[in-house]
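Down below is the structure, laid out as structure tokens.
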Amino acid sequence: MPATRPNPRLVKIHRSYTVDEIAKLFGVHRNTVRAWIARGLPTIDERRPVLVLGRHLAAFLRARRTANKRPCGPGEIYCLRCREPRRPASGAVRYHPLTPTRGNLVGLCGCCGAGLNRRVSLAKLPLFLGDLSAAMPLAQEHIDESPQPSLNSDFEQDRPDHANASP
């Protein structure tokens, strides 16, 4: 299976690679590596076989990864449809707890209307919210506080005539 984002840590920085070796290392086609060279991956010289220094390859791949990152500021959630950090519509989100310390912020994109999700720590929630208003869930009631009895109760033991019945 080809790598969608080649891992720069696979590259040995003190080695030189041919186009075929790079393609095999990352599971991509040779033409993909040639396209990287056309986009700025430096080669050792213009002679054949085309050689690329490992440290240049690793730096090129790291630069490609960081160029695609879109960090979100306070009050922003990344919209997958817009491919940009966006403010939720009407500045409101809901917090859905997943564990006692972590949860998701859920809202709608103010631009395209797509769903927005951002995983946050409850302790850092005010930093992520910025000026957004968040609807927090009400605490769930405990089982013993429920007005309805549990479904797995043995009601036969609770009947008064059950104690007097003979086997």
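The values are calculated or read from the model by the stated rules, or taken from the named source; none is laboratory data. What you see is a predicted model; the values in this text were computed from it and never measured. We place every Cβ from the backbone using ideal geometry, glycine too, and count neighbours over all the protein chains shown.
Number of residues in segment 20-48 that are within 17 Å of residue 62 (Cβ to Cβ) and small (Gly, Ala, Ser) equals 1. Taking each residue of segment 24-40 that is without any contact (Cβ under 8 Å) to a residue 12 or more places away in the chain and looking for partners that are part of a helix (DSSP H, G or I) with beta-carbon atoms closer than 6 Å, six or more apart or interchain, yields 30/19; 30/23. Restricting segment 36-77 to residues that are within 30 Å of residue 133 (Cβ to Cβ) and exposed (fewer than 10 other Cβ atoms within 10 Å of the Cβ) leaves a set whose member that is modelled with the lowest pLDDT is 69.
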